[in-house]
1. Enumerate the pairs (first residue in region 20-35 and at pLDDT below 95; second residue anywhere and not aliphatic (A, V, I, L, M)) with beta-carbon separation below 7 Å, excluding pairs fewer than 6 apart on the same chain, so at least 6 apart or on different chains.
2. State whether the residues of region 151-172 include one that is in a strand (DSSP E or B), closer than 23 Å to G98 by Cβ and touching a Phe, Trp or Tyr at 6+ places or on another chain (Cβ under 6 Å).
3. Say whether the condition of being free of Cβ contacts under 8 Å to residues at least 60 places away in the same chain and under 17 Å from G8 (Cα atoms) is met by at least one residue in region 175-185.
4. Yes or no: region 106-114 includes at least one residue that is modelled with pLDDT of 95 or more, in contact with a His (Cβ under 6 Å, 6 or more places away or on another chain) and surrounded by 15 or more Cβ atoms within 10 Å (Cβ to Cβ).
5. Pairs only if they're at least six apart or on different chains, beta carbon under 7 angstrom, first in region 45-72 and within 17 Å of V27 (Cβ to Cβ) and without any contact (Cβ under 8 Å) to a residue 40 or more places away in the chain, second more than 11 Å from the ligand (Cβ to nearest atom) and not in a helix (DSSP H, G or I); list them, first residue then second.
6. Contact list please: Cβ distance under 7 Å, first residue in region 79-91 and at negative phi, second residue assigned to a helix (DSSP H, G or I), pairs at least six apart or on different chains.
7. Select from region 39-68 the residues that are of a type outside the set (A, V, I, L, M) and either surrounded by 15 or more Cβ atoms within 10 Å (Cβ to Cβ) or near the ligand (Cβ under 8 Å from one of its atoms) (or both) and write down the one among them that is modelled with the lowest pLDDT.
8. Out of all the residues in region 74-104, which are small (G, A, S) and more than 13 Å from the ligand (Cβ to nearest atom)?
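The values are calculated or read from the model by the stated rules, or taken from the named source; none is laboratory data. Just so it is clear, the model here is predicted, and its values are computed rather than measured. Here the Cβ positions follow ideal geometry from the backbone for every residue, glycine too, while neighbour counts run over all protein chains shown.
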Amino acid sequence: MAGPTAVGKGTVSADVRERYPQVWLSVSATTRDPRPGEVDGVHYLFVGREEFDRMVAAGEMLEWAVVHGRNSYGTPRRAVEEKLAAGVPALLEIDLQGARQVKESMPDARFVFLAPPSWEELERRLVGRGTEGPEERERRLATARVELAAAPEFDHVVVNDEVRRATDELVHVMGLDVQAAPTPL
Ligand code: 5GP
């Protein structure tokens, strides 16, 4: 799964974690600092530049990229290969450059682009979450413009208009059975 900044990839991932525990979420390594509430080993493996570069040089990354012109992010290869070998559905939340690399090495993977209902809504969500200053927001919106233009490269575009609906569509694309909506009491 890829998609522009603030589209709700983290929210959809959290919903997958909660409602579809049979899906394994890949934990990326990153050189960026943890945000409040982020747990090392759960949301990311927070590593120093040296350790990140070592992992890349040792061929331990399935894919990696510098995102938003700043920090490096990568998917440790071994965990993904182990899950797939065990028949466990695996979800990678990565950027466009990473998705292109995975397409090269794992052409059978399914590629989902999580899209905002509109550009205005994307800007609203980015400002609303309040985790980036104006400069970083501009940097992320510049990346987002490039990413949105690449949506047609993906197998499926899922519009994140409503989290549960988007999650259900995503896991359906992954080949899982979608949960029935809870019946009101
Ligand atoms: P954030 O800093 O907001 O957590 O993530 C910034 C961007 O990095 C997001 O677009 C996210 O999808 C991307 N990203 C996170 N993990 C990985 C990864 O392992 N590989 C790649 N290529 N991108 C990643």
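1. R35/T131
2. Going through region 151-172, the residues in a strand (DSSP E or B) turn out to be 156-159.
Among the residues that remain, those that are also closer than 23 Å to G98 by Cβ are: 156-159.
Still in the list and also touching a Phe, Trp or Tyr at 6+ places or on another chain (Cβ under 6 Å): 157.
Within region 151-172 (the criterion being in a strand (DSSP E or B), closer than 23 Å to G98 by Cβ and touching a Phe, Trp or Tyr at 6+ places or on another chain (Cβ under 6 Å)), the answer is yes, since at least one residue qualifies.
3. To start, the set of residues in region 175-185 that are free of Cβ contacts under 8 Å to residues at least 60 places away in the same chain comprises 177-178, 180-185.
Keeping just the survivors that are under 17 Å from G8 (Cα atoms) gives none.
The answer is no, given that none of the residues of region 175-185 is free of Cβ contacts under 8 Å to residues at least 60 places away in the same chain and under 17 Å from G8 (Cα atoms).
4. Scanning region 106-114, I find at least one residue that is modelled with pLDDT of 95 or more, in contact with a His (Cβ under 6 Å, 6 or more places away or on another chain) and surrounded by 15 or more Cβ atoms within 10 Å (Cβ to Cβ), so the answer is yes.
5. F46/D40
6. A90/V80; A90/K83; A90/L84; L91/V16
7. Quick first cut of region 39-68, residues of a type outside the set (A, V, I, L, M) only: 40-41, 43-44, 46, 48-54, 59-60, 63-64, 68.
Keeping just the survivors that are either surrounded by 15 or more Cβ atoms within 10 Å (Cβ to Cβ) or near the ligand (Cβ under 8 Å from one of its atoms) (or both) gives 43-44, 46, 52, 60, 63-64, 68.
Values: H43: 90, Y44: 96, F46: 98, F52: 98, E60: 98, E63: 98, W64: 98, H68: 81.
Step by step, filter region 39-68, then rank; the result is H68.
8. Kept after step one, since they are small (G, A, S), are these residues of region 74-104: 74, 79, 85-87, 90, 98-99.
Selection gives A85, A86, G87.
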